[in-house]
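Report on one structure; see the data block that follows.
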Amino acid sequence: MKIPVTIPFLAVMLSVGIFFNQAIAGAETKAPKSSKSEPQIITDKNIVAMVNGQKITKQELYNLLIDTYGEDALDVLIRRTLICQSAEKEGIRVTDAEVEQKLKDLINNEIDGLLRTYRIKDKADLEKELARAGTSLAKLEEKMAIRMKKQAEVELLADRLMKKTIAITDEDLQKAYEQQYGEKIEASQIVFRTHREAEDTLKKLQAGADFATLAKNESVDRISAARGGKMQPFSPKDAMGAEVAHLKVGEISGIIKTDYGYHIIKITDRKPPSNKSFKSVKGELEKIVRNQQYKERIGPWLISLVESASILKNLGND
């Protein structure tokens with residue numbers, strides 16, 4: 001589970017994108033070698049590169065990084081520092097073995113995200129793409145490990161800190177049981193920004209228009225729209241479920257207002273409750289509730305850490 005202590009995924013995966021750009025341009029393996037007249041070793045620590053005899057200084061690199069990632073990267077470091085300080089105050093520590101396991105999990109998640117982003121079938125195909133760029137999956141994972149090791153440690157510390165604040169009640173478990181194993185409503189939706197738009201479409205539906213077609217063309221919820229309006233199954237005891245629990249399969253609701261807009265719901269099926277007993281899945285339910293509470297609390301907790309801390313910034317880019 002990730003917490004917001006890292007630079008956004010696109011920035012974090014910049015080095016990965018470079019590999020693929022190199023594959024297109026043949027950058028690593030096919031680039032012309034330096035002329036013999038150029039120095040082979042840079043002895044000045046203030047110079048990070050020489051390009052056809054022209055110096056690129058450490059200050060230029062610093063300025064580029066600050067201009068590109070400065071504020072975001074600094075906020076990452078501030079939040080990490082606050083989490084580490086809080087863990088130290090509470091006497092919370094993590095072992096090297098725990099950090100290594102967490103690091104493996106983070107790297108696997110990043111690799112999976114990379115496969116989805118570039119629509120690559122599996123790791124074997126990813127290895128082939130990286131080979132064309134003159135590198136390998138092992139080298140990529142090594143770079144990720146260097147970049148993400150501190151993140152792994154900080155996430156573990158945050159997990160431990162948050163667990164101390166989470167108390168799970170029987171009511172929480174019963175609610176989770178209903179959500180996971182109780183009766184389910186399967187439905188499709190069309191979502192609108194305004195009530196007037198919803199009214200116009202409801203008239204079309206009442207006149208016999210095809211629900212899935214209208215969902216694809218008119219719904220502002222593009223995720224469900226791409227599936228003809230199909231939603232994830234939900235409990236009749238949820239907020240939305242309570243609005244449509246009285247409807248039969250095939251029936252269409254009136255206009256339902258939520259924080260996301262104005263919805264028209266069509267019931268497509270109803271699934272009976274699972275025959276699994278509460279006792280048999282209690283351990284699983286505890287994990288589900290703990291994760292839900294963690295996700296709900298981690299953001300506000302981090303904000304409170306920042307707001308209560310004494311923080312001075314000096315990026316030097318004014």
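Some observations on this one:
- Qualifying residue in the stretch 180-190 (condition: assigned to a loop (DSSP other than H, G, I, E, B) and in contact with a Gly (Cβ under 8 Å, 6 or more places away or on another chain)): no
- Of all residues in the stretch 261-279 being surrounded by 12 or more Cβ atoms within 10 Å (Cβ to Cβ) and of a type in the set (S, T, N, Q), the one that is farthest from Ser219 (Cα to Cα): Ser274
- Evaluation of Asp238 against the conditions (1) modelled with pLDDT of 95 or more; (2) open to solvent by less than 70 Å² (accessible area, probe 1.4 Å) shows that the sole unmet condition is (1).
- Output for the stretch 159-178, where each listed residue is over 18 Å from Asp96 (Cβ atoms) and assigned to a helix (DSSP H, G or I): Leu161, Met162, Lys163, Asp170, Glu171, Asp172, Leu173, Gln174, Lys175, Ala176, Tyr177, Glu178
- Filter result for Glu88 (on the phi < 0 side of the Ramachandran plot, open to solvent by 50 Å² or more (accessible area, probe 1.4 Å) and in a helix (DSSP H, G or I)): yes
- Selected residue [of a type in the set (A, V, I, L, M, F, W, C), over 20 Å from Cys84 (Cα atoms) and surrounded by fewer than 18 Cβ atoms within 10 Å (Cβ to Cβ)] from Ala176, Ala145, Ala131: Ala131
- Any hit, the stretch 299-311, residues being open to solvent by 40 Å² or more (accessible area, probe 1.4 Å) and either part of a strand (DSSP E or B) or under 23 Å from Gln180 (Cβ atoms) (or both): no
- Residue among Lys150, Lys139, Lys163 that is surrounded by 12 or more Cβ atoms within 10 Å (Cβ to Cβ) and under 30 Å from Ser235 (Cβ atoms): Lys163
- Within the stretch 61-83, the set of residues being charged (D, E, K, R) and free of Cβ contacts under 8 Å to residues at least 12 places away in the same chain comprises just one member, Asp75.
- Tally of residues being assigned to a helix (DSSP H, G or I) and either touching a strand residue (DSSP E or B) at 6+ places or on another chain (Cβ under 9 Å) or more than 30 Å from Ile298 (Cα to Cα) (or both) across the stretch 44-85: 7
- Restricting attention to the stretch 229-262, the residues being within 25 Å of the chain's Cα centre (by Cα), assigned to a loop (DSSP other than H, G, I, E, B) and not hydroxyl-bearing (Ser, Thr, Tyr) number 6.
- Any hit, the stretch 170-179, residues being in contact with a Ser or Thr (Cβ under 7 Å, 6 or more places away or on another chain) and either hydrophobic (A, V, I, L, M, F, W, C) or at pLDDT 95 or above (or both): no
- Asn317 vs. criteria over 18 Å from Glu155 (Cβ atoms) and modelled with pLDDT under 95: yes
The values are calculated or read from the model by the stated rules, or taken from the named source; none is laboratory data. Small disclaimer: the values here were computed from a predicted structure and weren't measured. Cβ atoms come from the backbone with ideal geometry, glycine included; neighbour counts cover every protein chain shown. Keep in mind that these areas ignore ligands, DNA and RNA; they rest on the heavy atoms of the full protein, side chains included. Shrake-Rupley method; radii C 1.70, N 1.55, O 1.52, S 1.80 Å.
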